[in-house]
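Below you'll find the structure, written out as structure tokens, and then a few comments.
The values are calculated or read from the model by the stated rules, or taken from the named source; none is laboratory data. These figures come from a predicted structure and were not determined experimentally. Please note: Cβ atoms are built from the backbone with ideal geometry, for glycine as well, and neighbour counts cover all protein chains shown. Accessible surface areas use protein heavy atoms only, side chains included; no ligands, DNA or RNA. Shrake-Rupley method; radii C 1.70, N 1.55, O 1.52, S 1.80 Å.
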Amino acid sequence: MRSQFRCSRDKNTPKGIVIRWLRKKDRDSAIRGEITRVYPRLWRYCVAICKSREDGGDLAQAACLRAIEKQDQFEPGTAFDKWIFTIAKRVWLNELRSQKVRRGSGLILVEDADLPDNKPSSETNIFAGEVLSEVMALPEAQRETVLLVYVEGFSYKDTAAILDIPIGTVMSRLAAARKTIASRFGEHGGVS
Amino acid sequence: MTDTRRHISDEDLTAYLDGEAPDDLRREIEQALSEDDAFGARLSALDLPLGQLQQESARALQDAPALTLPPAQIRRAGGFSVAAALAIGIGIGVAIAPAPPEANSGWIDYVAAYQALYVQQTISDMPPVEASAQLAGLSDVVGRDLSQVAQLPGLEYRRGQELGFKGKPLIQIAYLANGTTPVALCVIENGKAEHAIKSMEVEGLAAASWSDGTHSYLLIGGQDQSFIDTTAAATQALL
């Protein structure tokens with residue numbers, strides 16, 4: 001079989017394909033640049049969600065690879081961080097979380113997501129700050145919402161989109177989390 | 001607390017604290033706060049030390065490990081397959097590659113540009129083939145018995161195919177070295193003067209070429225020049 005190899009010097013080189021490829025290449029580098037920029041935040045979020053450095057690192061890595069694979073779906077001009085956080089959430093929910101639960105190291109079952117999470121998290125002592133450790137003790141659903149809004153600075157609307165929940169649910173999770181944290185600080189005589 | 005205030009929920013107050021409350025709700029809450037001190041206690045019960053939380057979170061960023069992403073050409077999804085990369089990579093070679101150095105015959109530069117697009121998966125995903133049957137056909141095409149190159153030291157035969165360069169058949173035989181590195185042996189009948197094995201680096205790949213007076217040969221792949229040189233010598237001896 002003769003291949004396109006012969007075409008290399010011919011006038012009929014598929015120029016359009018080459019141009020598309022180059023554009024794709026530009027796009028690929030742009031996406032990689034964005035990933036590198038957002039990665040520390042994404043990693044922090046993933047470790048906080050998984051409550052494990054190892055799993056969080058895997059999740060962040062998986063989300064980055066997925067973003068490269070799905071880069072055609074990213075709409076230029078929209079917020080890249082929102083897009084990749086959404087990917088991370090989906091990967092966590094659809095793939096890694098269930099694996100983690102299945103292999104017995106899961107911290108929370110899906111149906112327990114609203115229960116307080118009191119399991120130790122020795123691997124995540126990077127979150128040892130006074131307020132942050134209270135956030136880490138929140139149930140997963142509240143924790144991820146608090147992190148997205150108060151740490152990552154996403155709007156309610158973007159947070160709702162990332163988590164695929166109604167805005168009302170974002171608000172109720174934040175209100176519940178605020179109540180818990182305010183009461184704990186009151187009890188422990190912490191920060192006023 | 002008046003009836004109008006009773007319906008203000010903790011969710012509403014949270015939205016107010018977060019600057020997400022619509023204007024009418026915000027005005028209502030501010031009015032309630034100004035008129036009723038007890039109402040302020042509800043806000044206190046939702047207090048979150050936001051500045052401290054953000055400071056503590058910022059420290060965690062410093063722990064983020066270095067990110068390693070796979071090189072662009074390994075990417076296979078998004079409708080951009082390795083096969084497509086190879087096919088259009090030839091065009092790229094023309095469009096953006098620097099002018100070939102004078103030292104090499106033109107075909108070597110083209111082969112090298114093609115080979116440089118090969119990744120492990122390109123070769124390892126090739127279906128197993130009957131080497132002897134393939135080589136018999138290719139031997140006829142190029143006018144040189146290639147049956148011996150099915151077995152080369154350190155190289156696993158993966159595929160032989162006929163390409164073309166300036167109207168002449170160019171045989172490319174793909175191998176995998178150490179199960180990981182794509183290596184190719186290429187043969188073209190071009191009547192170049194006989195010359196001994198010459199080591200070279202083309203497109204960042206280790207390569208060795210030689211000619212027997214009728215055919216020219218190129219062994220190329222990976223970065224291990226001594227492996228390529230040794231294997232080239234073994235191949236020359238077999239041919």
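Quick notes
- Residue satisfying all of: in the stretch A:46-67; over 12 Å from the mean Cα position of the chain (by Cα) and open to solvent by less than 30 Å² (accessible area, probe 1.4 Å); nearest to residue B:72 (Cα to Cα) among these: A:55
- Single residue of the stretch B:146-183 satisfying the filter (within 12 Å of chain A (Cβ to nearest Cβ) and aliphatic (A, V, I, L, M)) that is surrounded by the most Cβ atoms within 10 Å (Cβ to Cβ): B:170
- Of all residues making up the stretch B:197-221, the number that are outside any strand (DSSP E or B) and touching a residue at least 60 places away in the same chain (Cβ under 8 Å): 4
- Checked against (1) free of Cβ contacts under 8 Å to residues at least 60 places away in the same chain; (2) open to solvent by less than 30 Å² (accessible area, probe 1.4 Å); (3) closer than 26 Å to residue B:213 by Cβ, residue B:123 passes all but a single condition, namely (3).
- Near pairs, Cβ below 7 angstrom, 6+ apart or cross-chain, from the stretch A:54-70 (more than 10 Å from every other protein chain (Cβ to nearest Cβ)) to any residue that is among the small types (Gly, Ala, Ser) and buried (at least 17 other Cβ atoms within 10 Å of the Cβ): A:59/A:88; A:63/A:88
- Test result for residue A:90, at pLDDT 90 or above, open to solvent by 70 Å² or more (accessible area, probe 1.4 Å), in a helix (DSSP H, G or I) and not aromatic (Phe, Trp, Tyr): yes
- Only one of the numbered conditions (1) at pLDDT below 85; (2) in contact with a Cys (Cβ under 8 Å, 6 or more places away or on another chain) is not met by residue B:102, and that is (2).
- Here the condition is being of a type outside the set (Asp, Glu), modelled with pLDDT of 80 or more and either open to solvent by 60 Å² or more (accessible area, probe 1.4 Å) or in contact with an Asp or Glu (Cβ under 9 Å, 6 or more places away or on another chain) (or both); of A:100, A:119, A:70, it holds for A:70 alone.
- Residue within the stretch B:24-34 that is more than 7 Å from chain A (Cβ to nearest Cβ), modelled with pLDDT under 90 and at negative phi present: no
- For the stretch B:35-55, a tally of residues being within 8 Å of chain A (Cβ to nearest Cβ) and not in a helix (DSSP H, G or I) returns 5.
- Selection from the stretch B:205-229 of residues that are among the β-branched types (Val, Ile, Thr) and closer than 21 Å to residue B:118 by Cβ: B:220, B:228
- Screening B:216, B:209, B:199 for residues that are small (Gly, Ala, Ser), assigned by TED's automatic domain parsing to the domain that holds residue B:146 and surrounded by fewer than 17 Cβ atoms within 10 Å (Cβ to Cβ) leaves exactly one candidate, B:199.
- Within the set B:93, B:78, the sole residue that is at pLDDT below 50, assigned to a helix (DSSP H, G or I) and either facing another protein chain (nearest Cβ under 9 Å) or touching a Pro at 6+ places or on another chain (Cβ under 9 Å) (or both) turns out to be B:93.
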